[in-house]
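Structure first, then comments.
The values are calculated or read from the model by the stated rules, or taken from the named source; none is laboratory data. From a predicted model like this one, the values you see are computed outputs, not experimental measurements. When we count neighbours, we look across all protein chains shown, and the Cβ atoms used for this are built from the backbone with ideal geometry, even at glycine.
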Amino acid sequence: MKRLLVLVVLGALAACGTQRPAFIRTQTPHEAYTDSLRRAGLAETALGLEWLAAAEAALREPVRAKLPVAMTTEYPAAEPRAFGYRLTLQRGRVLRVEVTPAGDEPALVFLDLFRLDQAPDTPPRPLASADRDALVLEREIDRDGDYLLRIQPELLRSGTFTISQDTTAALSFPVDGRTSAAVQSFFRDARDGGRREHHGIDIFAPRDTPVHAAAGGVVSQVGTNNLGGNVVWLWDARRGHSHYYAHLASQAVSTGQVVQAGEVIGYVGNTGNARTTAPHLHFGIYARGEGPIDPLPFVQ
Ligand SMILES: [Zn+2]
């Protein structure tokens, strides 16, 4: 029984491995590996010192990269290397980094993502790491800014691998059969002759095209108002966001209903102040304690 409990606890630790809050941060696999090199006396060898220096240099002098990145490179055991990339990422994107070894030989490669602060001389802050035996790192970005990615193979190992990095949308697209190409009006566009700003994006589609929940959540309100016409509010508890779906021809959910991402919640229309415009979905995201944020990176 006790053994089972230990396994369950270990499993739970492994499961939250990539999203650790800073205040209970345990060692990253790279930090644990560095400690093991020190304990084994390998950190003092010429190659060990080079490996540690390469890890530091990747943080100090990353290469500025524009996504997507796909590159194949060698890493000779005799010249320990680490690859550092500086990435500018938007809130609402999910960064995915994958390392694919060329041969069949299993490779131990450390993937670490850091946040870069605005202030100079502030060391990069560890944000997420791939699990020790995984060659994939995935992380939803919750703040616009500059990030640093470091990829480093273990000491005393040669090989070739392909590094691929890209981002995808954190949410699913809310209008059936459409993509961000159907967005014709953007966040902060002027409204009412500049007296107010547009707090969302407008996605154009024929009347009665199904509207999908962009994320799983709870329907917090279904109603009608002058500006939005027929509207649905959806609470995405995971991110602390409220989604606003407006100008609907009709709604297909009721208050309190729990919906999955992709579920139909209504149909495209031009109700409210969109009566003189072609049918479209107004889609807005309001972050808790913050107000409206740009939905486009979340769905593009
Ligand atoms: Zn709008």
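Looking at this structure, is residue 279 modelled with pLDDT of 95 or more and under 30 Å from residue 89 (Cβ atoms)? No; evaluated as a whole, the condition is false for this residue. With respect to residue 125, is the statement that it is basic (Lys, Arg) and in contact with a helix residue (DSSP H, G or I) (Cβ under 8 Å, 6 or more places away or on another chain) true? Yes. If we scan the range 234-242, do we find a residue that is among the acidic types (Asp, Glu) and at pLDDT 95 or above? Yes, the range 234-242 contains at least one residue that is among the acidic types (Asp, Glu) and at pLDDT 95 or above. Out of 79, 98, one residue alone is among the acidic types (Asp, Glu) and either in contact with a helix residue (DSSP H, G or I) (Cβ under 8 Å, 6 or more places away or on another chain) or under 17 Å from residue 145 (Cα atoms) (or both). It is 79. Among the residues of the range 110-146, write down those that are in contact (Cβ under 8 Å) with a residue 60 or more places away in the chain and among the hydrophobic types (A, V, I, L, M, F, W, C). Passing the criteria: 110, 128, 130, 137. Kindly evaluate residue 215 against the criterion of being more than 16 Å from the ligand (Cβ to nearest atom) and out of contact with any Leu (no Cβ under 8 Å at 6 or more places or on another chain). Criteria not met by residue 215. Only one entry of 145, 228, 194 meets the criterion of being among the small types (Gly, Ala, Ser) and closer than 18 Å to residue 247 by Cα, and that entry is 228. Go through the range 176-196 residue by residue and tally those that are within 13 Å of the ligand (Cβ to nearest atom) and surrounded by fewer than 13 Cβ atoms within 10 Å (Cβ to Cβ). Of the residues in that region, 4 qualify. Taking the criterion of being buried (at least 21 other Cβ atoms within 10 Å of the Cβ) and not basic (Lys, Arg), the residues of the range 128-154 that qualify are 128, 129, 130, 137, 141, 147, 148, 149, 151, 152, 153. Out of curiosity, is residue 208 in contact (Cβ under 8 Å) with a residue 40 or more places away in the chain, acidic (Asp, Glu) and more than 22 Å from residue 142 (Cα to Cα)? Yes, satisfied.
Using the structure shown, decide if residue 202 is surrounded by fewer than 19 Cβ atoms within 10 Å (Cβ to Cβ) and closer than 19 Å to residue 178 by Cα. It is false that residue 202 is surrounded by fewer than 19 Cβ atoms within 10 Å (Cβ to Cβ) and closer than 19 Å to residue 178 by Cα. Of the strands (runs of 3 or more DSSP E) lying entirely inside the range 33-108, those carrying at least 3 residues that are surrounded by 18 or more Cβ atoms within 10 Å (Cβ to Cβ), assigned by TED's automatic domain parsing to the domain that holds residue 131 and not β-branched (Val, Ile, Thr) are 83-89, 93-101. Taken over the range 120-142, the criterion of being more than 28 Å from residue 295 (Cα to Cα) and touching a strand residue (DSSP E or B) at 6+ places or on another chain (Cβ under 6 Å) is satisfied by 135 alone.
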